[in-house]
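To start, the structure under review is shown below, and the notes come after it.
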Amino acid sequence: MDFKSGKCRGCRRLDAVTYPDEDVSRFLSDNFVPVLVDYDSETVPLRKYNVFWTPSILFVDPKGVDHFRLEGYLPPGLFLPCLKYGRAMIAYRSHRFEEAVDLFERVVWEHPGSSRAAPSMYFGGIARHKTDESYTLESLRDRLMASYPDSEWASRTSVWVKVPAQAGEKKR
C-alpha cells in the first residue's frame, strides 16, 4: 500500500525516479498488487494503519496485516532491497519459513551492502533454524559476526553463546 499526498515532495520523487526504474518496476509487478491510498482524502486506511507521514509504503498480506513499512523517499538502489525485504517479512511473519529463508538469502546475496542485508541474515537464519534443527543459532551468530560485526543484528545474537556447564551442573 502506497500512501501518497499531493503536497509530498518525496511522493513526487518516488513517481519520477524510483518507480520508473526498470528493476524496481519489474519487482513490484512480479511480486505485489500495488494499492495507492490518497493521504489527503482517504482517512479510514490512515487510522487503520496508523499512517502519519508520506510517502509511506506498507507491505501487507492478503488479509490486510501490515508486516513491514517504509517511510520517506528512497532512490531505486536503496528502495529495491527494501522491497525484497518487505516481501520476505510477509513470508516470515506468515510462518512460511522455507520461503522466507530463500527470500532473505536473496537480499543478503544481491544487496550485501544495503541496510537490509544484516536484518535479512538475522531473520533468514531464524527462519532456517525453525525449518532445519541442525542449523543452530550459534551458526547464525557466527555468520552475522563475520559479515556484520558492528550491526545491531550481530549484537542481538550475543545471548546465543553456549556457556560450558560448570562442574556438577546439568547440561542444558
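A short reminder: the numbers here are calculations on the coordinates, not readings from a lab. Because the structure is predicted, anything quoted here is derived from the model rather than measured. Every residue, glycine among them, receives a Cβ derived from its backbone with ideal geometry; neighbour counts consider all protein chains shown.
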(request) Just the isolated ones, please: cysteines in the chain lacking another cysteine beta carbon under 4.7 angstrom. (result) Cys82
(request) Could you list which residues have their amide H under 5 Å from that of Phe68, counting only those 5 or more apart in sequence or on another chain, with H placed in the peptide plane? (result) Phe59
(request) Return Ser5, Ser139 ranked ascending by Cβ neighbour count within 10 Å, so the fewest neighbours appear first. (result) Ser139, Ser5
(request) Would you mind ranking Asp61, Asp30, Asp21 so that the residue whose beta carbon has the fewest other beta carbons within 10 Å leads the list? (result) Asp30, Asp61, Asp21
(message) Residue by residue through segment 97-110, what is 3J(HN,Hα) from phi via Karplus (6.51 cos²θ - 1.76 cosθ + 1.60, θ = phi - 60°)? Round to whole Hz and write x for glycine and proline.
(response) 5, 4, 4, 4, 4, 4, 5, 5, 4, 4, 4, 4, 6, 7
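Fully extended, how many nm does the chain gain between Val17 and Asp132 (0.36 nm per residue separation, minus their Cα-Cα distance)? Let's see the in-between values first.
Working: separation 115, 0.36 × 115 = 41.40 nm, distance 4.12 nm.
Here the answer is 37.3 nm.
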(message) Quick check: the distance between the Cα centres of segment 74-110 and segment 1-47, to the nearest angstrom?
(response) 19
(message) For the chain, what does the helix formula give at 222 nm: sum of -39500 (n - 2.57) over DSSP H segments with n ≥ 4, over the residue count, nearest 500 deg cm²/dmol?
(response) -15000 deg cm²/dmol
(message) Just to check I understand the Karplus step: with θ = phi - 60° and J = 6.51 cos²θ - 1.76 cosθ + 1.60, what whole-Hz values come out for segment 18-29, glycine and proline as x?
(response) 7, 5, x, 4, 4, 5, 5, 4, 5, 5, 4, 5
(message) Straight-line reach from Lys48: which aspartates and glutamates fall under 12 Å, measuring Cα to Cα and dropping same-chain residues less than 8 apart?
(response) Asp66
(message) Give me Phe52, Phe104 sorted ascending by neighbouring Cβ count inside 10 Å, so fewest comes first.
(response) Phe52, Phe104
(request) Give the label of the value calculated from the structure for percent of Cα pairs over 25 Å apart, choosing from [x] 48; [y] 38; [z] 41. (result) [z]
